[in-house]
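Below is one structure, written out as structure tokens, with a few remarks after it.
The values are calculated or read from the model by the stated rules, or taken from the named source; none is laboratory data. All of these numbers come straight from a predicted model, not from anything done at the bench. Cβ: placed from backbone, ideal geometry, glycine included. Neighbour counts: every protein chain shown.
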Amino acid sequence: MVTDEVVHLGGLIDGGSDRSTDIGTSVLGQACREDIWRGVDADRFRNAAREVRDLLNDVAEQLEQQARVLEEHVMEQDAASARDNLLADPATPSEGGGGTEMPSGVVMDLTGGAPAPTAGGAEPDQGQPRENRGDDGDAPPANLPADEEAARREWDAMHPDGPTWDEMMAQYREGAPDRPDFEWDDDFPFESKKGEETLGDRASWARWEAMLRGGQAARPGLDDALAFYAHYRSAEGTPMEFDYEEAYIEDESVRANVDAQIRQSQYAAQAMAAEGRDDFSFTGPSAGESYYPTTENWQKTIGGYQQWSSGDVTVDDQGNARMVVTVHAEDRYNFNANNQDIATSEPDDANGRFSELGWAQGFDSSGEVVRVVEWNVNSPDQVTVTTP
């Protein structure tokens with residue numbers, strides 16, 4: 001952390017808080033006066049101005065909180081540097097500094113004008129692409145059901161509304177990977193209310209910009225969620241990939257979903273091998289995952305999603321089977337009417353409104369996990385699962 005730059009950033013954010021308060025209290029306060037303008041139009045304008053004033057006050061509070069968070073990080077960094085320097089050379093005073101620099105471009109413009117596209121740039125944490133993680137980021141061992149009956153019970157419990165285990169098994173077939181068709185909900189159609197923005201919408205846009213920038217500066221554990229939200233606000237609508245391997249490592253619910261899919265694929269491959277096949281590919285059906293992510297980062301990044309699998313299998317003369325299986329995860333990043341964020345209780349409707357205005361746009365996302373599964377066809381319950 002470059003503490004001088006972070007202190008400067010905190011000052012800029014704090015200044016943004018003061019400007020928001022000034023606009024809300026002075027400019028809009030004057031606009032709400034009833035002694036200078038009366039009538040139906042005046043009442044309508046004052047109601048809109050009061051709404052904007054309240055949103056600006058909310059923005060000011062969010063900015064002030066983020067400035068305090070940055071101040072606390074600087075104090076912690078200075079204290080840690082002082083301890084490290086003292087241990088290294090008790091006679092040398094601490095000069096601070098060192099570590100990772102803050103991401104650039106996190107200053108928010110509150111001067112008005114049309115909303116601008118938002119860039120990504122969340123500072124990475126331990127949840128980052130596999131090639132950057134090192135030994136500490138190795139995937140934990142798979143925790144598969146003990147046998148097919150246990151797998152069936154677990155699957156059916158995970159999917160009380162179907163499809164059942166038997167229904168899924170019946171849809172596995174030999175052949176190359178064949179991505180299922182997905183129908184996604186769309187409660188806030190893109191540009192369906194284009195041109196209908198209000199002052200309140202602009203203030204709401206600025207408020208969410210402030211929360212995004214503050215998160216990028218102070219919440220590295222939300223790196224995936226912040227990158228996806230920034231892409232949503234860019235209104236590009238292009239597909240994005242998420243690191244499903246990272247999700248497997250970090251989130252126990254995602255891990256349970258993947259392990260269940262691996263076990264089901266293995267039993268489907270076992271059934272095909274029992275029919276005499278010894279070198280084949282397979283593809284399976286999709287199912288929504290009932291184990292919702294437990295971590296805030298992955299709740300915000302993928303939430304409820306779909307999963308399917310494909311794989312290649314070989315069986316030797318001794319009945320030793322080897323399956324390279326790919327578990328595919330698919331999602332549509334958007335917001336749902338009348339829903340709210342689990343961690344913050346913020347309503348989805350505010351961000352859905354941005355899509356209707358054409359300022360933001362939902363997009364398809366996907367990720368995958370690959371595993372090597374080995375067993376003997378005469379003992380299908382005894383398997384070894386490794387990462388290629």
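Structural remarks
- Selection of segment 183-208 for residues being surrounded by 13 or more Cβ atoms within 10 Å (Cβ to Cβ) and either at positive phi or hydrophobic (A, V, I, L, M, F, W, C) (or both) yields 188, 190, 191, 199, 203, 205, 206, 208.
- The residues of segment 239-295 that are among the basic types (Lys, Arg) and either touching a strand residue (DSSP E or B) at 6+ places or on another chain (Cβ under 6 Å) or within 19 Å of residue 306 (Cα to Cα) (or both), listed by number, are 255, 263.
- Criterion (more than 21 Å from residue 222 (Cα to Cα) and free of Cβ contacts under 8 Å to residues at least 60 places away in the same chain) met by exactly one of 320, 339: 320
Quick grid of which residues meet (1) modelled with pLDDT of 90 or more; (2) part of a loop (DSSP other than H, G, I, E, B); (3) aromatic (Phe, Trp, Tyr):
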| site | (1), (2), (3) |
| --- | --- |
| 141 | no, yes, no |
| 144 | no, yes, no |
| 162 | no, yes, no |
| 168 | yes, no, no |
| 171 | yes, yes, no |
| 180 | yes, yes, no |
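- For segment 218-262, the candidate set comprises residues that are assigned to a helix (DSSP H, G or I) and among the β-branched types (Val, Ile, Thr); within that set, the residue that is surrounded by the most Cβ atoms within 10 Å (Cβ to Cβ) is 254.
- Top-ranked residue in segment 190-217 [being part of a helix (DSSP H, G or I), small (Gly, Ala, Ser) and over 17 Å from the mean Cα position of the chain (by Cα); ranked as farthest from residue 343 (Cα to Cα)]: 200
- Scan segment 356-372 for residues that are closer than 26 Å to residue 388 by Cβ and either touching a Leu at 6+ places or on another chain (Cβ under 9 Å) or among the polar types (S, T, N, Q) (or both) and the total you get is 2.
- Matching residues in segment 167-211 - criterion: being of a type in the set (Lys, Arg) and either more than 30 Å from residue 286 (Cβ to Cβ) or free of Cβ contacts under 8 Å to residues at least 12 places away in the same chain (or both): 193, 194, 202, 207
- Search result, residues across segment 307-331 that are acidic (Asp, Glu), surrounded by fewer than 17 Cβ atoms within 10 Å (Cβ to Cβ) and touching a Phe, Trp or Tyr at 6+ places or on another chain (Cβ under 9 Å): 312
- Those residues of segment 369-388 which are surrounded by fewer than 18 Cβ atoms within 10 Å (Cβ to Cβ) and in contact (Cβ under 8 Å) with a residue 60 or more places away in the chain, in sequence order: 377, 381, 387, 388
- Residue list for segment 269-298, filter: among the β-branched types (Val, Ile, Thr), touching a Ser or Thr at 6+ places or on another chain (Cβ under 8 Å) and not in a strand (DSSP E or B): 294
- Meets criteria (part of a loop (DSSP other than H, G, I, E, B) and surrounded by fewer than 23 Cβ atoms within 10 Å (Cβ to Cβ)) for residue 304: yes
- Residue match in segment 341-362 (condition: in a loop (DSSP other than H, G, I, E, B) and within 24 Å of residue 261 (Cβ to Cβ)): yes
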